[in-house]
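Below is one structure, written out as structure tokens; comments come after it.
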Amino acid sequence: MFETIWFMIWGVAWAVYFMLDGFDLGLGTLLPFLARSESERRVVVNAMGPFWDGNEVWLITAGGVTFAAFPRTYAVMFSGLYTPLMLLLFALILRGVAFEFRGKVDSRAWRSTWDTCLVLGSFLPALLLGVAFANIFQGLPLDGAGNFHGNLLTLLNPYGLVGGLTFVAIFAVHGLLWLAARAEYPLRNRAADLARLLWLAEALLAVLFLALTWVCTPLWRNVLAKPYLLPLPLAAVAGLVLARVWIAREAWWKAWFASSALILGAVLFGVAGLFPNLLPSSLDPAASLTAFNSASSPLTLKIMLGVVLCFLPVVIGYQLWVFLTFRDPVTARSVEEGPAY
């Protein structure tokens, strides 16, 4: 029972992380295409600046759940996927440093350098996370001893690359909707126009990825075998369609929440389709790491569940406070008058 509960916590942590940090990653990736002056660049950075570090708490939570609840999975993941995970870690560090350092020196070259780091530190995590999860969905070349028979290029297969590009497109639209809801003219209009354009790319990639998921993975078959899970992919499809509807009506917050439903539905669909696998093996299904054969002891899982139930409300409360405190629109004037990045 506790293994199943922790598998659900693991999946929800990833889904919430992608929903929250997705708009940061998307905005950072598109910074050069949105801002045309230093004032506009500061508005874009400050539209995500107060939130990015709190959003990454959910990434730490997902990693911590893997380490504490499923230690064998964690060990195999960080040995077999060492290179892409280190690239992901360094990119996230680069992004965090860029937020803090870009305004420390009044120099155009200095700011340009850190803006480039911010773009790379946003684009690479989005791409790498998409590639990683797509490969997990279709299975990794793991043997019975947990050894990974491949390298970084093994992960860059067609399905993995489509997964990475799909993540990048979804996060890009998610970030544009966030900026359209929080910025003023002309940034709002620029973000809105780009969101309308990229939504089509997002939709095409999403349809392609779902079709390839049917061919390359057992996710659809697993979900269809349990009809009570069908609301998950349906929520993703509804979120994608409603986002375009609300974009057309210029209801930016509604469009952003619809995009959030797309992300939550898609990620939870993937996680539900994996169950009970955490790292399925493409070499031998018996070598797959599951929520049951890689879990900590029942006593450990029970104690940790109590800890989570105590501290999770604190994390949620803190994030709600941050979102409410910084809910006002971000303008060039507000950036110049108050504390800002």
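The values are calculated or read from the model by the stated rules, or taken from the named source; none is laboratory data. What you see is a predicted model, and the numbers here were worked out from it, not measured in a lab. No Cβ is skipped: glycine too gets one built from the backbone with ideal geometry, and neighbour counts run over all protein chains shown.
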Sole residue being farther than 30 Å from GLY146 by Cα and among the basic types (Lys, Arg), chosen from ARG72, ARG36: ARG36
First in the stretch 134-147 and in contact (Cβ under 8 Å) with a residue 12 or more places away in the chain, second anywhere and among the β-branched types (Val, Ile, Thr) and part of a loop (DSSP other than H, G, I, E, B), Cβ under 7 Å, 6 or more apart: PHE137/THR217; GLN138/THR217
Some residue of the stretch 289-297 being touching a residue at least 12 places away in the same chain (Cβ under 8 Å), over 25 Å from TRP52 (Cα atoms), surrounded by fewer than 17 Cβ atoms within 10 Å (Cβ to Cβ) and over 19 Å from the mean Cα position of the chain (by Cα): yes
Matching option when the condition is hydrophobic (A, V, I, L, M, F, W, C), out of contact with any Leu (no Cβ under 8 Å at 6 or more places or on another chain), part of a helix (DSSP H, G or I) and farther than 20 Å from GLY265 by Cα, among ALA201, ALA211, ALA180, ALA192: ALA180
For LEU205: the one exception among (1) modelled with pLDDT of 95 or more; (2) buried (at least 22 other Cβ atoms within 10 Å of the Cβ): (2)
Scan of the stretch 326-341 for residues that are part of a helix (DSSP H, G or I) and either within 22 Å of LEU20 (Cβ to Cβ) or charged (D, E, K, R) (or both), ordered by number: ARG333, GLU336, GLU337
THR73 within 16 Å of the chain's Cα centre (by Cα) and on the phi < 0 side of the Ramachandran plot: no
All helices (runs of 4 or more DSSP H) inside the stretch 63-165 with 2 or more residues being buried (at least 17 other Cβ atoms within 10 Å of the Cβ): 71-80, 82-101, 108-138
Residues located in the stretch 190-206, provided they are closer than 17 Å to ALA251 by Cβ and among the small types (Gly, Ala, Ser): ALA191, ALA192, ALA195
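Filter the stretch 1-18 down to residues that are of a type in the set (A, V, I, L, M, F, W, C) and within 18 Å of ARG95 (Cα to Cα), then give me how many there are.
Total meeting the criteria: 1.
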